[in-house]
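Working notes, structure below.
Just so you know, all these numbers are worked out from the coordinates, no wet-lab data involved. In this text, all values refer to a predicted model and were calculated from it rather than measured experimentally. Virtual Cβ from ideal backbone geometry, glycine too; neighbours counted across all protein chains shown.
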Amino acid sequence: MTERGSRDLSRSAGVLSVGPSAMEWDGDCLTVTIDEITPLIPRRVRGTVKLYPEALQHRPMPLDRAGRHCWWPIAPCARVEARFEDPGLAWNGHGYLDFNTGAEPLEDRFVSWNWSRACVPGGAAVLYDLIERDGETLTLAIKFDPKADVIDFEPPALKRLATSFWRMKRTTRTEDPDGTRVGKTLEDSPFYARSLVETTLFGTKTVAMHESLDLDRFRNPVVQTMLPYKMPRRFF
């Protein structure tokens, strides 16, 4: 998550390099090569992540009524292999590739959102609950099936989850509100939390990757001064 200047950026049809790290697409696999230094306590992070898409989504999806922000789940279903030398880690499993894009800063359009993705029978399910600045809300409930098309489904019940250490509010949608809970908090900050949530979707108990984003907190000047300590900036 290191921010760098334009002189450290290069790209071609199949490769994007930012400083010493890069992403390369060969038509079948996306290879992410990571070589960075952690903030605060300097430590090398060096390794490779390979993502093999099982389904590709060829169009973005609007996140607001004005269409100024879009979410693009490029590979909503994928097989992932991670191998790190520093620290010594290895992992294989299900994953995804997506990105967000917009014509204005997120905090100008949204107050907050809760997002999650979970493996379900026949593919992956994604849930999005967004609140815009004017108070309007938008809910997306989408199933991605590698053997079929994108399917919208009726959003299940809203469930309030336990707040994080930083008191981040977390919600999700589930078919079993009483049996749904936060299994583990992976990342916690004053404006963002990423968690593993034990939930039920499409009649199956599953574990969802979940994120909560509070853009009112993000706009706070105190939080803004803290960002370089979380996301180092190297423009020289």
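How large is the charge dipole for the chain, taken about the Cα centre, if only the Cβ atoms of Lys, Arg (+1) and Asp, Glu (-1) carry charge, to the nearest 20 debye?
620 debye
Partner aspartates and glutamates whose Cα lies under 17 Å from the Cα of K50, excluding those fewer than 8 positions away in the same chain, are identified as E24, D26, D28, D35, E81, E85, D86, D98. Under 5 Å from the amide H of A55 lie the amide H atoms of C77, each residue being 5 or more positions distant or on a separate chain, with H modelled from the backbone and absent for Pro and chain starts.
Roughly speaking, what is the stretch gain from D8 to K169, that is 0.36 nm per residue apart minus the C-alpha to C-alpha distance, in nm to one decimal? Please list the in-between numbers first.
Numbers: separation 161, 0.36 × 161 = 57.96 nm, distance 3.66 nm.
Full-extension gain reported as 54.3 nm.
Taking a straight Cα-Cα cut-off under 13 Å and skipping sequence neighbours fewer than 8 places away in the same chain, the aspartates and glutamates within cross-link reach of K205 are E175, D176, D178. Amide H to amide H, with H built 1.01 Å from N, S112 comes under 5 Å of I131, L215, counting only residues 5 or more places away or on other chains.
Using the Karplus relation 6.51 cos²θ - 1.76 cosθ + 1.60 with θ = phi - 60°, the per-residue 3J(HN,Hα) values for the range 31-47 come to 9, 10, 9, 10, 8, 9, 10, 6, x, 6, 9, x, 8, 6, 10, 9, x Hz, with x marking Gly and Pro. For the chain, the equivalent ellipsoid derived from the Cα gyration tensor has semi-axes of 28, 23, 19 Å, listed largest first. If you plug the beta carbon distance of W91 and K147 into 1/(1 + (r/R0)^6) with R0 = 25 Å, you get a FRET efficiency near 0.45. When its C-alpha radius of gyration is set against 2.2 N^0.38 Å (N residues), the range 106-227 gives a value of 1.09.
Remark on the range 1-117: ratio of C-alpha radius of gyration to 2.2 N^0.38 Å is 1.21. Here the gap between M61 and L158, fully extended at 0.36 nm per residue and compared with their Cα-Cα distance, gives a gain of 32.7 nm. Computed from backbone phi, the HN-Hα couplings of the range 76-83 come to x, 10, 7, 9, 10, 10, 10, 9 Hz, rounded to whole numbers (Karplus: 6.51 cos²θ - 1.76 cosθ + 1.60, θ = phi - 60°; Gly and Pro given as x). Along the axis of the charge dipole computed for the chain (Cβ charges of +1 for Lys and Arg, -1 for Asp and Glu, origin at the Cα centre), the listed residues T171, G135, G183 are led at the positive end by G183.
A crude spin-label estimate for the pair T101 and E81, with each label 7 Å from Cα along the Cβ direction, gives 3.0 nm.
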